[in-house]
1. Go through Met141, Met415 and list them by solvent-accessible area, largest first, probe radius 1.4 Å.
2. Going by average Cβ neighbours within 10 Å, how do the peptides 165-177, 424-436 rank, with the highest at the top?
3. Can you give the calculated 222 nm mean residue ellipticity of the chain, where each DSSP H run of n ≥ 4 adds -39,500 (n - 2.57) and the sum is split over every residue, rounded to the nearest 500 deg cm²/dmol?
4. Find the accessible area per residue for the stretch 319-467; the probe is 1.4 Å, ligands and nucleic acids are left out, and the unit is Å².
5. Length gain on complete extension for the stretch Val305 to Leu180, per 0.36 nm per residue less the alpha carbon to alpha carbon distance?
6. Could you compute Rg(Cα) / (2.2 N^0.38 Å) for the stretch 187-233, with N its residue count?
7. Grab the beta carbon distance between Ser151 and Val65, set R0 = 22 Å, and tell me the FRET efficiency rounded to 0.05.
8. Go through 205-212, 69-76, 245-252 and give me the packing order, highest mean Cβ count within 10 Å leading.
Amino acid sequence: MSESHLQPSNSQPQTFAQKALARAAGLPAVEIGQVVDARPDVVLSHDNTAAIRRIWLQFGQERVVIPERLAITLDHAVPAPTTRHAQNHAEVRQFVAEQGIRHFWEVGRGICHQVLSEEAIVLPGQLILGADSHTTHFGWMGAFGAGIGRSEVAVLWATGELWLRVPESMRVVLEGELPLGVTAKDFALRLIGDLGADGGLYLSIEFAGDGIQRLSLASRMVLANMMAEFGAKTAYVPPDEKTYRYLAERLMKRKIQDARLGGNVEVTPAQDLGASGQPSIPNLQSFIFDLQSSALFPDPGAEYVATHVYRAEELEPYVACPHSVDNVVPLSQIAGTPVQQAFLGTCTNGRLEDIAAAAAVVRGRRVARGTRFIVIPASSQVLQAAMERGYIQTLVEAGAVIGVPGCGPCMGNHMGIPAPNEVTISSANRNFRGRMGTPEAEIYLASPAVVAASAVAGVIADPREVQGEGVKVEDED
Ligand SMILES: CC(C)[C@H](C(=O)O)[C@@H](O)C(=O)O
Ligand code: SF4
């Protein structure tokens, strides 16, 4: 039952979370703490779709009510490593076919959060609820993304709506420019280290400041993604021209492809390809304009539980030590720790700029004897772009192993499970005991450049020292 009668006046300053949930609930405005019935624009699930289906079947429904809003990827254990996984995938495919789900991506396309971003399935100001804790990811574009449980997803399939409490918000400001070799991952680790893994519990983390706007889109994804490890309900980065352009290009491409495939998506002639076969600029502009109009921004004077301000120049590379993401120390304190495995990938740090950073570090070097370097691009598009730019060749020449786009060993499914007592340095977001399989393994979390530097050094290492002059990687957005 919603409490929508508790409507505040529209004129009070609102946080992003208030605005986004008011929109999703079809209300003019909502109070912090109010419970609303929200209708998400997108409902995400992945390999766990089959398990959700078993819950949903108990409702006795034959058709999900919002098939067009479902987005499903196979990414967590792909290609299927065991018969059990293969059976699970088969069930997911059957569900997709039976329910006529258009937004489905097969094994190898990539990790759900990356794929939905690349396909512009979610747009600024929208609400995405996903059966995956890192659905906070979509804050990179100014969408409200939140992880929910499997039964909640089953309820959404059945009814199209779910109650949510409007969270309180925390404002996190980054001022200035990150020094060479210091990344969004380091900033996220520093924040979580300072305030604890529950420092953002059920909060909406609103990023702000010129330091945030300077970040590449890929780096903004790192921040929003990592906020799941801060206990946050959602995260928000204000969208800008870069965001709109990225999404507009992809949205336009997808709509045109859908129309060509004979789908029921309406594409007006104005949105079709120009005579050259290339999308013409005015059409792209119209998509950009639509995205700008749907974007939501917090009002000045909105209510925050706290504001934390960081000066980018004062940050340095950090590492989260075993066995918790808030066990954070400066890299310099832990450098020299031997590692048997270095893992670069995941929805946190498996993008082109991450692979570029790693390639820049290992170019002309070899992975240390006694250390494996596993690189898994977050998506097939990332893999392709990394091949075109020669990064994959550089990494393979250095002795890295390239895996199929997907989650890989991130949660201990396959493709790089450590042995007991081994140490892994990873670009992922979680390092709790047993995360990659055995509870006896140790996991350190760091930025891609640190992971790559450690792979060639065989010990946790500073990329700025391995590289000599530091690692300057161009913005790849
Ligand atoms: C399997 C899935 C439900 C899980 C999550 O919710 O995050 C996974 O993606 C993870 O990172 O642990
Ligand atoms: S890459 Fe890791 S954190 Fe991201 S969705 Fe997959 S298992 Fe979860």
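The values are calculated or read from the model by the stated rules, or taken from the named source; none is laboratory data. Since this is a predicted model, take the numbers as computed values, not measurements. All Cβ positions, glycine included, derive from the backbone under ideal geometry; neighbour counts span all protein chains shown. Just so you know, the surface numbers come from the protein's heavy atoms only, side chains and all, with ligands and any DNA or RNA stripped out. Shrake-Rupley method; radii C 1.70, N 1.55, O 1.52, S 1.80 Å.
1. The residues order as Met415, Met141, largest area first.
2. 424-436, 165-177
3. So the helix-based figure for the chain works out to -10000 deg cm²/dmol.
4. 34 Å²
5. Going from the current span to full extension adds 41.8 nm.
6. 1.09
7. It comes out at approximately 0.85.
8. Output ranking for 205-212, 69-76, 245-252: 69-76, 205-212, 245-252.
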